[in-house]
1. Round to a whole number: what % of the accessible area of the chain belongs to carbon and sulfur, probe 1.4 Å?
2. Counting DSSP beta bridges with both partners in the chain, what percentage is antiparallel, nearest 5?
3. To the nearest 10 degrees, how steep is helix 104-119 against the longest Cα principal axis of the chain, on a 0 to 90 scale?
4. Return one number: the angle in degrees, 0 to 90 and rounded to the nearest 10, between the long axis of the Cα atoms of helix 59-72 and the longest principal axis of the Cα atoms of the chain.
5. From Cα pairs below 8 angstrom and at least 6 apart in sequence, can you work out the relative contact order of the chain, rounded to a whole percent?
6. With Cβ to Cβ distances under 14 Å as the rule, what net charge do the other residues near R111 carry (K, R +1; D, E -1)?
7. Could you tell me the relative contact order of region 100-188? Use alpha-carbon pairs under 8 Å, at least six residues apart, and round to a whole percent.
8. For E49 and A119, compute 0.36 nm times the residue count separating them, minus their Cα-Cα distance, and round to one decimal in nm.
Amino acid sequence: MTNDDSPHGYRIGRADHECRYPVLVDEQQIGRIFRWHGGWLAIPAGTSEPIRRGDGRDGSDAVARYLLEEYRAGRITPQADTRKPDQGTGGRVPLLHPRMRDTDRNQNAARKAVAGLTAYRWEPRGGYPGADNPWAVRCQLCGWEGNRYWSHLRGRNGNPPSPYRHPGCIDADKVRAVIPAYADTQND
C-alpha cells in the first residue's frame, strides 16, 4: 500500500512483518499505521501506544492524515525509519499475535489457521492475528511475501480456498497439482 499522492504531503510505505505501514513525510517517518479488527490505528513516531483514528470506511488515509495533522501541529517529531528489512522470522513464530489475548478459544483458532496455512502451502511470518486482520505470510510456491487475511485463505462451506494466490504466483492448475488438499475437489 503506497500512496505517492504528494498533494497530501505524506507517503504510506511498505508494511513490515507485523503489517504496520510507515507514514513518511520527506522520507522521515512520522508514525506507523495498521488495521486491527475493522479499525485503523496510528502509532505516532516516538511513542508506542496505538490510537484509533479510522475505520473500514475511511481507512488508511484517515489515520495517515491524523499523523500528518499532528506532525504539522508540532506534536510529532519525524524520525528516520529504523526498522531493518525483514529477513525472515529467524526461528519459531509465536502462535498468537501480540495483540491477541491468550485464551483457549484464540489458541484453538490459531492452531486451526496454522494447520490450514500449512495445508495450502503458506508460511506464517508472525503470530495469528485473528481471521479478519492482516497476517504476514510467505507463499511456499514462489517465495512471495505479503499480507493476507485468514478469512480469505481458508475457503468457504467446506470448500478449499481459491487457487489464485497473489499476483505473479504460479497458475491455478499448477497450484491444484502441487497442493494435495485440492485433490478431492478436482473431480467436482
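1. Numbers: 4870 of 10880 Å².
For the chain, the apolar C and S fraction of the accessible surface comes to 45 percent.
2. Numbers: 26 of 27 bridges.
Around 95 percent antiparallel, to the nearest 5.
3. Approximately 60 degrees, to the nearest 10.
4. 20 degrees
5. Details: 320 pairs, mean separation 25.0, N = 188.
Relative contact order here is 13 percent.
6. Values: positive: R105, K112, R154; negative: D102, D104.
For residues surrounding R111, the net value is +1.
7. Relative contact order here is 20 percent.
8. Working: separation 70, 0.36 × 70 = 25.20 nm, distance 3.59 nm.
Difference between extended and current length: 21.6 nm.
The values are calculated or read from the model by the stated rules, or taken from the named source; none is laboratory data. This is a predicted model, so every value here is computed, not measured. Glycine also receives a Cβ, built like all others from the backbone with ideal geometry; neighbour counts cover every protein chain displayed. These area figures cover heavy atoms from the full protein model, side chains too; ligands, DNA and RNA do not enter into them. Shrake-Rupley method; radii C 1.70, N 1.55, O 1.52, S 1.80 Å.
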